[in-house]
Amino acid sequence: MKSIHDFRTPLGRVRGLGSAKDGTGTFWRQRLTAVANVPLLLFFVGLLISLNGATYDEVRAALASPLVAVVLILVILSAFVHMAIGMKEIIEDYAHDEGVKVALVIANIFFVTVVGAACVFSILKLAFGG
């Protein structure tokens with residue numbers, strides 16, 4: 001059923017594409033990571049609370065647990081994907097100069113990739129006793 005405010009072409013409505021011809025993929029990835037972040041970040045905060053006042057060796061032993069290491073890597077991946085999508089949307093909405101917009105989107109991708117990889121590497125190093 002066509003809404004009075006739906007300005008898409010019939011083909012666009014069938015494909016589910018908006019004016020940007022991008023569809024709803026980014027929207028759903030953002031929502032999916034938001035939902036995934038709730039239990040993951042609750043686990044992370046619970047882990048931080050449980051390790052409050054612990055010695056270095058106790059923290060290292062906790063992070064060496066396969067379950068903890070895997071969940072922490074999932075926290076990083078989900079949070080960083082969520083952040084990257086959100087920042088890209090903000091950049092596209094508020095950066096008006098096309099050159100600046102492209103540079104900021106590229107910087108966003110590099111930042112998320114480098115910092116995320118460093119975080120995952122750190123967890124893996126602790127998990128494998130390096």
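Read the figures in this text as sums done on the coordinates, not as results from a lab. Computed from a predicted model, the values in this text were never measured in an experiment. All Cβ positions, glycine included, derive from the backbone under ideal geometry; neighbour counts span all protein chains shown.
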Matching residues in the range 70-108 - criterion: being surrounded by 17 or more Cβ atoms within 10 Å (Cβ to Cβ) and either of a type in the set (Ser, Thr, Tyr) or in contact with a Leu (Cβ under 6 Å, 6 or more places away or on another chain) (or both): Val75, Ser78, Ile91
Those residues of the range 28-80 which are charged (D, E, K, R) and within 14 Å of the chain's Cα centre (by Cα) amount to Arg29, Arg31
Filter pass, Leu67 being out of contact with any strand residue (DSSP E or B) (no Cβ under 8 Å at 6 or more places or on another chain), surrounded by fewer than 11 Cβ atoms within 10 Å (Cβ to Cβ) and aliphatic (A, V, I, L, M): yes
Selection over the range 109-130 where residues are loosely packed, with under 12 Cβ neighbours inside 10 Å and part of a helix (DSSP H, G or I) yields a count of 5
